[in-house]
Amino acid sequence: MAIPPIVEEVINEYITLFNVYLPDTIEGIYIHGSIALNAYVEDSSDIDFITVTYRPLGEKDSNVLSYIHSTIANKYKQPEMDGVYIQLRDMGKLYSDTNDYNHSYLFYNNENLGYGDYFNFNPVTWWVLKNKGINILGPAPKDIELDIEPEELLSYVLKNMNTYWARRLKAAEESIHEIINLPKNKIDFEVEWTVLGLLRQFFTLKEYDIVSKLDAGEYGLTQISSEWHNIIQEAINIRKGIKVNIFSSDTERIEQTLSFSKFLITHCNNMGNRISHNR
């Protein structure tokens, strides 16, 4: 899979700085997320990375890592880096064992270096890495023990629908008047993030796999009732940067987004019940 030239440039700069300031430390660098899914969007997608080190990196390494990442961020405004520093033994960790919470990791997100529990240790991350991940350095993902079963992936997706997405929907319904008065670009974000994000969950439940937001949107147009096609196409257009007026007002498209969210969460829960019944 070809890596976009700008991503390759950023990664090479990152490796150079790392080898200067933390020599003989990197064991592997892996790319997952939109780049691995062949869905990189210029000026939008992040570089989702996992850097494997020979020794555990802790708070004492924070200053050096902050310098490395700030140097990269100052030189390249896009794409942003987003990832974590682990050891090979941490690959596939799901926090299924409470003892895992005793481990803290350095991670870089939203241009800030943090230290603590890492939020992206989940079946989606490891599934993408195992099946579509790119190794910049280190052994190929297929040669690393990453035993993520389809049941774990589906269970995680359903839980995510009924926690993160359900809470997000409830909060949006309670603050709809505030959302309507947001700047257009923020409303665009809400529509795209919600519609395409939920469709990715839908795709996983149907196909036992993971795709990009755009691919999930296109899939939704083939699988979801036509009454929802306008809001799905709206989200696709926003993602692609296409400016077409499908709805007559922001109020209409926000209301459609919320209605679609309710429909799809209910639909996915029904699918999940059927899957559980047929096992």
Answer from Tyr67, Tyr105 - the residue that is farther than 30 Å from Leu154 by Cα and among the aromatic types (Phe, Trp, Tyr)
Tyr67
Residue list for the stretch 120-134, restricted to those being surrounded by fewer than 18 Cβ atoms within 10 Å (Cβ to Cβ) and touching a strand residue (DSSP E or B) at 6+ places or on another chain (Cβ under 8 Å):
Asn120
Taking Thr222 as the residue in question, decide whether it is modelled with pLDDT of 95 or more and open to solvent by 70 Å² or more (accessible area, probe 1.4 Å).
yes
Which one of these does Ser45 not meet: (1) surrounded by fewer than 17 Cβ atoms within 10 Å (Cβ to Cβ); (2) modelled with pLDDT under 95?
(1)
Among the residues of the stretch 53-71, which ones are open to solvent by less than 10 Å² (accessible area, probe 1.4 Å) and under 16 Å from Asn12 (Cα atoms)?
Leu65, Ile68, His69
Matching residues in the stretch 12-25 - criterion: being open to solvent by 20 Å² or more (accessible area, probe 1.4 Å) and of a type in the set (A, V, I, L, M, F, W, C)
Ile15, Leu17, Val20
When you look at Gly28, is it in a strand (DSSP E or B), surrounded by 19 or more Cβ atoms within 10 Å (Cβ to Cβ) and more than 18 Å from the chain's Cα centre (by Cα), yes or no?
yes
So for the stretch 215-237 (the condition being in contact with a Leu (Cβ under 7 Å, 6 or more places away or on another chain), touching a residue at least 24 places away in the same chain (Cβ under 8 Å) and either assigned to a loop (DSSP other than H, G, I, E, B) or of a type in the set (Lys, Arg) (or both)), does at least one residue qualify?
no
In the stretch 204-214, which residue that is assigned to a loop (DSSP other than H, G, I, E, B) and of a type outside the set (Phe, Trp, Tyr) is most open to solvent (accessible area, probe 1.4 Å)?
Asp209
Within the stretch 239-246, is even one residue loosely packed, with under 13 Cβ neighbours inside 10 Å, within 22 Å of the chain's Cα centre (by Cα) and either among the aromatic types (Phe, Trp, Tyr) or outside any helix (DSSP H, G or I) (or both)?
yes
Residue selected from the stretch 72-86 under the condition more than 18 Å from Gly114 (Cβ to Cβ) and in a loop (DSSP other than H, G, I, E, B), by the criterion most open to solvent (accessible area, probe 1.4 Å)
Lys77
Kindly indicate whether any position in the stretch 90-100 is under 30 Å from Asp250 (Cβ atoms) and either assigned to a strand (DSSP E or B) or of a type in the set (A, V, I, L, M) (or both).
no
Please work out if Ile144 is surrounded by 14 or more Cβ atoms within 10 Å (Cβ to Cβ), within 20 Å of Glu27 (Cα to Cα), at pLDDT 90 or above and hydrophobic (A, V, I, L, M, F, W, C).
no
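The values are calculated or read from the model by the stated rules, or taken from the named source; none is laboratory data. On a predicted model such as this, the values are computed, not experimentally measured, just so you know. Cβ atoms come from the backbone with ideal geometry, glycine included; neighbour counts cover every protein chain shown. For the accessible areas, the whole protein counts, side chains as well, though only heavy atoms, and no ligand, DNA or RNA atoms are used. Shrake-Rupley method; radii C 1.70, N 1.55, O 1.52, S 1.80 Å.
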